[in-house]
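Remarks on the structure that follows.
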Amino acid sequence: MKIINFPVVHDDRGKLIALEELREIPFQIRRVYYIYDIPAESSRGGHAHIDLEQIMIAISGSFTVIVNNGILPEQSIELNTPRKGLYLPRLTWRSFKNFSSGSVCLVLASELYNEKDYINDKKEFFDQVLRRSSTV
Ligand code: TYD
């Protein structure tokens with residue numbers, strides 16, 4: 001997990017951020033999705049991915065991401081600016097909460113949607129992390 005600060009092109013007409021794969025984004029972008037109209041009490045995520053890498057961006061508003069890589073203590077990160085992206089590597093358990101009114105979460109993903117790439121059980125997630133770390 002890391003925060004990536006995006007370069008902003010700023011002039012008196014406003015601000016612009018351009019994201020290119022393998023430049024600002026550390027992988028090839030194969031999918032883009034966004035989450036919006038999110039009820040304030042909504043909690044999303046609650047899973048990890050086996051092979052997927054993602055960048056989460058608070059395009060508008062703010063929300064909290066709780067991340068766990070199965071090794072370090074869980075971290076809570078508030079995303080509240082379109083200038084920053086949260087990079088989530090493979091095998092990162094994540095959940096999202098505290099969505100502000102009107103918030104929009106943009107996600108850039110390294111793979112097409114694949115239901116089989118999800119780990120929805122936290123124990124299974126910790127088992128997979130252990131298995132990977134014992135084979136490297
Ligand atoms: P999910 O990944 O569980 O969302 P979140 O992590 O934000 O809670 O996906 C919610 C639903 O949307 C699920 O039925 C699968 C579908 N979906 C797609 O069809 N394509 C996609 O690219 C994504 C991310 C989800």
Just for region 8-55: of the residues that are open to solvent by 70 Å² or more (accessible area, probe 1.4 Å) and of a type in the set (S, T, N, Q), which one is modelled with the lowest pLDDT? SER43
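TYR118: among the hydroxyl-bearing types (Ser, Thr, Tyr), touching a His at 6+ places or on another chain (Cβ under 7 Å) and in contact (Cβ under 8 Å) with a residue 60 or more places away in the chain, yes or no?
The answer is yes for TYR118.
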Considering only region 108-127, I want to know if a residue exists there that is at pLDDT 95 or above, within 21 Å of VAL32 (Cβ to Cβ), within 10 Å of the chain's Cα centre (by Cα) and not in a loop (DSSP other than H, G, I, E, B). yes
All strands (runs of 3 or more DSSP E) inside region 1-97 with 1 or more residues being in contact (Cβ under 8 Å) with a residue 60 or more places away in the chain and of a type in the set (D, E, K, R): 2-5, 31-35, 84-88
For THR92, which of the numbered conditions (1) surrounded by 17 or more Cβ atoms within 10 Å (Cβ to Cβ); (2) over 23 Å from ARG131 (Cα atoms) fails to hold? (2)
Would you mind finding the one in ASN98, ASN68 that is within 16 Å of the ligand (Cβ to nearest atom), more than 27 Å from GLU21 (Cβ to Cβ) and surrounded by 15 or more Cβ atoms within 10 Å (Cβ to Cβ)? ASN98
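The values are calculated or read from the model by the stated rules, or taken from the named source; none is laboratory data. Everything quoted here is computed from the prediction, not taken from an experiment. Every residue, glycine as well, gets a Cβ built from its backbone with ideal geometry; the counts of neighbours run over all protein chains shown. With ligands, DNA and RNA removed, areas are computed over all heavy atoms of the protein, side chains included. Shrake-Rupley method; radii C 1.70, N 1.55, O 1.52, S 1.80 Å.
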